[in-house]
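Laboratory data are not the source of any read-out in this text; all were calculated from the coordinates shown. Treat the numbers as computed from the prediction; the structure is a model and nothing was measured. Note: ideal-geometry Cβ built from the backbone for every residue, glycine included; neighbour counts use all protein chains shown.
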Amino acid sequence: MLESTRVLYRPRGTVVDVNTRIAELLMDIEAQLRQLGQWDAVAPPAKALESEQPFCVDTLTLPQWLQFVFLPTLYSMLERGQSLPERCGIAPMAEEYFRGTGLGSDELLAALACVDDLLSK
């Protein structure tokens, strides 16, 4: 379990707690999805969000899952001071999803990999 008192050291020497860094990365992920044109203006039907499959692969695209499941869930956990997940492995799924699309998703993949690393330590 990650504790909110755990800190990270950034290259420029500033100290940031894990929750703050996760929040920054979530904002980066949203910005990247928007820049890539992968941000939906309209939410999918509620039924699509009820999928029991990992990443809702049967009802949502990965960008939709990030926008409508992953980001809101982690934002909510941060706002409520809840313990964050102890493991995360989204980057490999995203790498596979964006492979060959030509969308220039490197920054998005890097942000997702950072979230994976922070939550899996």
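In this structure, the amide hydrogen of D17, modeled 1.01 Å from its nitrogen in the peptide plane, lies closer than 5 angstrom to those of L8, counting only residues at least 5 positions away or on a different chain. Listed by number, the DSSP H helices of the chain that run 18 Å or longer by alpha-carbon position along their axis and have mean Kyte hydropathy of at least -1.0 are 18-35, 106-120.
Checking every one of the GluC sites (Glu not before Pro) in region 33-121 against DSSP loop status and a limit of 13 other Cβ atoms within 10 Å picks out E50, E52, E86. With helices as the sole contributors, the chain gives -14000 deg cm²/dmol at 222 nm; each DSSP H run of n ≥ 4 counts as -39500 (n - 2.57), and the sum is divided by every residue. Using the Cβ-Cβ distance between K121 and R99 with R0 = 22 Å, the FRET efficiency computed as 1/(1 + (r/R0)^6) comes to roughly 0.25. Of G100, G81, G89, the residue with the greatest mean-square motion in the GNM of the chain, using alpha carbon springs below 10 Å, is G100. Normalised by the number of residues in the chain, the average gap of Cα pairs under 8 Å and 6 or more apart makes the relative contact order 30 percent.
Which label marks the calculated value of Kirkwood radius over Cα pairs in Å, given the options (i) 18.5; (ii) 14.8; (iii) 15.2? Read-out from the structure maps to (iii).
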